[in-house]
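The values are calculated or read from the model by the stated rules, or taken from the named source; none is laboratory data. All values derive from a computational prediction rather than experimental measurement. No Cβ is skipped: glycine too gets one built from the backbone with ideal geometry, and neighbour counts run over all protein chains shown. When the accessible area is computed, the model is the full protein with side chains, heavy atoms only, and any ligands, DNA or RNA have been set aside. Shrake-Rupley method; radii C 1.70, N 1.55, O 1.52, S 1.80 Å.
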Number of protein chains: 2
Amino acid sequence: MEGDPTLRLRIFDLNCWAIRYLSKRRQERVQLIGDVLRQEGFDLVLLQEVWSERDYSDLKVKLGRSYPFSHYFRSGVIGSGLCVFSRFPILDTLLYQYSLNGYPYMLQHGDWFCGKSVGLVVAWGGSWPVLPPSCQLHAEYCREKDAYLPHRLVQAWELAQFIRHTSKAADVVLVGGDLNMHPEDVGIRLLRGWTGLRDAFAEATRFEGCEDGCTLVPGNCFTVKSELLPFPRGIRIDYVLYKVTGSFTVKCEELKTTKGTAPGMDIPFSDHEAVMATLQIRRQGQAVGDTLGTAEATLADVVTEARTEVGVGLRAAQRQRYSTGRMAVLALLLLLLQAAAALGTLVGLGAGQPFPKLSFTLLAFLAIGVLLLSTGLHLFHTMEVKMLQGTEEQMRMALRTLQEHP
Amino acid sequence: MEGDPTLRLRIFDLNCWAIRYLSKRRQERVQLIGDVLRQEGFDLVLLQEVWSERDYSDLKVKLGRSYPFSHYFRSGVIGSGLCVFSRFPILDTLLYQYSLNGYPYMLQHGDWFCGKSVGLVVAWGGSWPVLPPSCQLHAEYCREKDAYLPHRLVQAWELAQFIRHTSKAADVVLVGGDLNMHPEDVGIRLLRGWTGLRDAFAEATRFEGCEDGCTLVPGNCFTVKSELLPFPRGIRIDYVLYKVTGSFTVKCEELKTTKGTAPGMDIPFSDHEAVMATLQIRRQGQAVGDTLGTAEATLADVVTEARTEVGVGLRAAQRQRYSTGRMAVLALLLLLLQAAAALGTLVGLGAGQPFPKLSFTLLAFLAIGVLLLSTGLHLFHTMEVKMLQGTEEQMRMALRTLQEHP
């Protein structure tokens, strides 16, 4: 491909929803995904929520011929769920784990245990280095009362920073993944504005798929219908984003999504629709005008908006840190009081043990339990406060840089 | 400085050992560090172990004139302890937290709570972007039986990867910090080999300071003498590393360390010696020969050696994951047994309660305690296993890349 002025890249992105024992018809779907990928022969396949390494290994065996290069990213207790299959050699990888990712005690949401991350892959497409980070941000569980918004914003910011810093020498940067944000959300605007990434759906010459490019649609038999009630046409939260640097041009020739079922089948790949993009990248003498410059004023607004949201999250985290700290102190006081009472009885100060022994012991254990739990939570919220403060400060610096060195 | 072909960079690096309530004569030393930095007028100051944000703020106020730009990196429960003061504008920052950093239950070592990280700062020195990451790796507590070696190797690898990926477009890359590794250790060789960074001590034209450039010396009144018994001359674990890319040359004109006390004073800055480097960077038409190419065979050996060590750590972590998992299962079985016994008594199956109530309750609480603790540890070691596996695989990929695309 050396010297060829045009590179046509076909990208497949899917949140596979492959949770062992929990996801419906998982094995059947993973097999189906493998079959279709083998037939279609994309250049790059970015998969999320492949939680079982066994599923990855099965896919790797099946896809070995069409996609000789692949990588699975490990992180957190369960894993990152991210993997990449590529027709181009994968030269290098890097995993960046977001500093905030929900709460360990929200077991029903499970995000904390996944160690959500962005995985970076350096691939070599002919003579061009291609960087396709695959990523997934914290899920949104309730849009009206979204307690995780600050965490997702910190993640969007960290993702944007990670892409900016690692892609400086890359000719082609691709980002694919389930970003858990609607196209107009502040996090997406922040990510796009701060990195200069373009949205394949918005730029595509041809589009074929669900209305408005939605990737979570009521027509898919695995989606939870009640969650989509406010959005009867579905929502778009899976993206393919891209940019080229220097003397290249890029055009999104085609964007497709599946429409509730896998092509030619009666079951879907996943509860999410797959996103398939065809990009045409051309090498040319003169760089095309970057849209980033004109959007600088808007970018400052977006960063300001994001910073406000992070500030709201920071104050909530500070309140939680305070209340868990107070709880720990109260439990410690109770324990000390009990110890004093027990000591008093021992040295014969009081008129015998005033409490029944069992209740006394139970109370002590309860106090120890509360002390341990609240200390743990206090430490956790302390970390949360630090991370939110750090992000807020980075955003302030970004705003200053935007104003002073436009 | 635009157009000037020579940049002289004066760098100051110090592990400040400023732990509130624990470090001796902390406030006096922080004040002294501030005074000397203000007088000396370095270009870049990289500090580690500034654990109190109050100390950072005090320094910031004091150094505002000489170093108008600064940044404090927040992470972990306590913080990263990293901060940077700069004469050049700081345009951007990024924090990368190592995925492994000791064990939460090793309270006496405390590394886990610090959230050790590498902080990246993009500064603009005249017309040249300068990237000085400041970092600290996991401490070594016992060289003979070093349980943390795999963790420190994972950190060295992640640091090397982070530098490689973020510095591709940087003209000048500087790394300063307490790496907690001796110059001949595999981690240092890995870091230098994989990034192409050069060691200021080894390259310096002039050197003035402790013998062999040591930064932890018996002559310093704050060092723990027993730890230095095997090394009567001290050890060198604090480094200034650098590289330039493209058409630049760099020369380390001078390297200095303090010699057990701060210049002209009777107390030291810290228990570590400060490292002060003067670099001369020249812009020129032709790039100088990179030493990386010739060292490729050695590099493969170093990566292999590091991978073996990580493998040893992986097997230890797998054993710990297994034994904590078994402990959790046993505690759960005991609890179930107790529940069955209690239920049996309730429905009148057994001949009354065979155990005294108090012991029975205490045993149940003990079992709950063990269950919670061992489950927590099991989750932790699961994460550790994943991270070590991930690093081992990355190293395998690096070896393949080294062999196939030298």
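Pairing residues of region B:252-276 that are open to solvent by 10 Å² or more (accessible area, probe 1.4 Å) with residues that are in a strand (DSSP E or B) and modelled with pLDDT under 90, at Cβ distances under 8 Å and at least 6 apart in sequence or on separate chains, gives B:Glu253/B:Arg8; B:His272/B:Asp178. Beta carbons closer than 7 Å, at least 6 apart along the sequence or on distinct chains, pair a first residue in region B:339-367 that is open to solvent by 100 Å² or more (accessible area, probe 1.4 Å) with a second that is modelled with pLDDT under 85 for B:Lys357/A:Leu358. Can you tell me which residue in region A:368-400 is nearest to the other protein chains (Cβ to nearest Cβ), limited to those that are within 15 Å of A:Arg315 (Cβ to Cβ) and open to solvent by 40 Å² or more (accessible area, probe 1.4 Å)? Only one residue tops the list, namely A:Gln389.
Of the residues examined, A:Gln48 is not one that is closer than 28 Å to A:Leu279 by Cα, open to solvent by 60 Å² or more (accessible area, probe 1.4 Å), polar (S, T, N, Q) and out of contact with any Pro (no Cβ under 9 Å at 6 or more places or on another chain). For region B:69-107, the tally of residues that are surrounded by fewer than 22 Cβ atoms within 10 Å (Cβ to Cβ), modelled with pLDDT under 75 and within 8 Å of another protein chain (Cβ to nearest Cβ) stands at 1.
Against the conditions (1) in contact with a helix residue (DSSP H, G or I) (Cβ under 7 Å, 6 or more places away or on another chain); (2) buried (at least 19 other Cβ atoms within 10 Å of the Cβ); (3) away from chain A (no Cβ under 13 Å); (4) not in a helix (DSSP H, G or I), B:Ser66 satisfies every one except (2).
Each residue in region B:223-244 was checked for being under 21 Å from the mean Cα position of the chain (by Cα) and of a type outside the set (S, T, N, Q), and 13 of them qualify.
For the structure I just gave you, tell me whether B:Leu279 is farther than 21 Å from B:Gln161 by Cβ, assigned to a helix (DSSP H, G or I), modelled with pLDDT of 90 or more and not hydroxyl-bearing (Ser, Thr, Tyr). So B:Leu279 fails the test.
Scanning region A:251-267 for residues that are at pLDDT below 90 and in contact with a Leu (Cβ under 9 Å, 6 or more places away or on another chain) turns up A:Ala262, A:Met265.
Yes or no: B:Ser359 modelled with pLDDT of 85 or more and not in a loop (DSSP other than H, G, I, E, B)? Answer is no for this residue.
Determine whether A:Ala364 is within 24 Å of A:His151 (Cα to Cα) and assigned to a helix (DSSP H, G or I).
Here the answer is no, as A:Ala364 does not meet what is asked.
Criterion first (open to solvent by 40 Å² or more (accessible area, probe 1.4 Å), among the aromatic types (Phe, Trp, Tyr) and either in a helix (DSSP H, G or I) or modelled with pLDDT under 95 (or both)) does A:Tyr21 satisfy it? When the stated conditions are applied, A:Tyr21 passes them.
Residues in region A:192-237 that are out of contact with any Pro (no Cβ under 8 Å at 6 or more places or on another chain) and either of a type in the set (S, T, N, Q) or not assigned by the TED database to the domain that holds A:Leu179 (or both): A:Thr195, A:Thr205, A:Thr215, A:Thr223, A:Ser226.
Evaluate the following for A:Gly209: is it surrounded by fewer than 17 Cβ atoms within 10 Å (Cβ to Cβ), of a type outside the set (Ser, Thr, Tyr) and over 21 Å from A:Ala306 (Cβ atoms)? Spelling it out, it is not the case that A:Gly209 is surrounded by fewer than 17 Cβ atoms within 10 Å (Cβ to Cβ), of a type outside the set (Ser, Thr, Tyr) and over 21 Å from A:Ala306 (Cβ atoms).
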